[in-house]
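Before any comments, here is the structure.
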Amino acid sequence: MTTLTFAVRDSATMTRRSLRHVLRYPVTMVVSVAVPVLLLLLFVGVFGGAIKGSLGAVSPGSYIDYVMPGIIVMTAAYGSSVTAQSVNRDSTEGIIARFRTMAISPASVLNGHVASALARTLVSAALVVGVAIGLGFRPAADAGRWLAVVGLTWLAVPFGLAAKTAEGLSGFVLVVQLLPFISSAFVPPDQMSGWVRWFAAHQPFTPVIDTLRGLLTGTPDGRSAIAAVAWCAGLALAGYLWARVLSRRDLNR
């Protein structure tokens, strides 16, 4: 068997391991779906009328059509937090040390977490979108645009795997869960004040959310697509390289 064949086989084994953890602890999946759904109900059902009135001509359609792209990105963000917790558990409970004694591909542990996280995120996002459709969400995207939505959503949160300590994990979870609130997820940055407006307009979540909104609802996204791809590609590359370095350090220690 070639090196590539061994790597694929080992990655598949690690993916099955991660998926079995999800089945064994389904509460993680429930939380990653329940929190975005609760936010959707809160902003659409409680604050939606007041916020929609303030948007005016900025968003002529239904407010749920405006807010849903941000909820999708937040679903992926919460999913990345679960992935970070899984990696942290492997590091702190000695699983990585055990893998060091085995003849496995060094990248297989990382690949298994990535594949499992992707599957879990897609299922969570599909469930959240299903709830949104029941509440009146009417996406205008065709099949090709939905594929682009899936790609951008996954790339928006690539470096959860790199959190290797409890301290780093808590900081990552805090940032990835709170940053979407200071973006274009719920109101346009133009309606914010002072430095918050500048920050919301230039942070990475805003162009990703704006691009998803354009893909799903057919609204113009201007240059946000270029910025979204640049942010996603940069974060994905940085997260991948960082995670590989940490993984090799643990396996070769």
request  = Output the number of the condition that residue 222 fails; it satisfies all remaining conditions of (1) modelled with pLDDT under 75; (2) part of a helix (DSSP H, G or I).
outcome  = (2)
key: Condition met for residue 244 (open to solvent by 70 Å² or more (accessible area, probe 1.4 Å) and either among the basic types (Lys, Arg) or at pLDDT below 70 (or both))   = no
message = Between a residue in segment 70-94 that is among the basic types (Lys, Arg) and any residue that is at pLDDT below 75, which pairs come within a Cβ distance under 8 Å, given they are 6 or more apart or on different chains?
response = 89/95
ask   = Does any residue in segment 117-142 that is at positive phi come within less than 7 Å, Cβ to Cβ, of a residue that is crowded, with 16+ Cβ neighbours inside 10 Å six or more places away or on a different chain, and which pairs are these?
value = 136/62; 136/64
note = Subset of segment 179-213, residues crowded, with 20+ Cβ neighbours inside 10 Å and in a helix (DSSP H, G or I), comes to 180, 200, 205, 206, 207, 208, 209, 210, 211, 212, 213
ask   = What are the pairs, 6+ residues apart or on separate chains, where a residue within segment 9-38 that is of a type outside the set (D, E, K, R) has its Cβ under 7 Å from a residue that is open to solvent by 60 Å² or more (accessible area, probe 1.4 Å)?
value = 33/127
query = In segment 90-109, what count of residues is obtained for those that are farther than 18 Å from residue 240 by Cβ, open to solvent by less than 90 Å² (accessible area, probe 1.4 Å), modelled with pLDDT of 70 or more and assigned to a helix (DSSP H, G or I)?
reply = 2
task = Please go through segment 12-41 and pick out each residue that is within 12 Å of residue 82 (Cα to Cα), surrounded by 14 or more Cβ atoms within 10 Å (Cβ to Cβ) and among the β-branched types (Val, Ile, Thr).
result = 22, 28, 31, 33
message = Of the residues 50, 76, 117, 84, only one is modelled with pLDDT of 80 or more, assigned to a helix (DSSP H, G or I) and not β-branched (Val, Ile, Thr); which?
response = 76
query = Which pairs have Cβ atoms under 9 Å, sit 6 or more apart or on different chains, and link a residue in segment 219-241 that is charged (D, E, K, R) to one that is open to solvent by 40 Å² or more (accessible area, probe 1.4 Å) and modelled with pLDDT of 75 or more?
reply = 221/210
query = Name the residues in segment 184-218 that are among the small types (Gly, Ala, Ser), in contact (Cβ under 8 Å) with a residue 12 or more places away in the chain and under 21 Å from residue 137 (Cα atoms), would you?
reply = 184, 185, 218
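The values are calculated or read from the model by the stated rules, or taken from the named source; none is laboratory data. All values derive from a computational prediction rather than experimental measurement. Cβ: placed from backbone, ideal geometry, glycine included. Neighbour counts: every protein chain shown. With ligands, DNA and RNA removed, areas are computed over all heavy atoms of the protein, side chains included. Shrake-Rupley method; radii C 1.70, N 1.55, O 1.52, S 1.80 Å.
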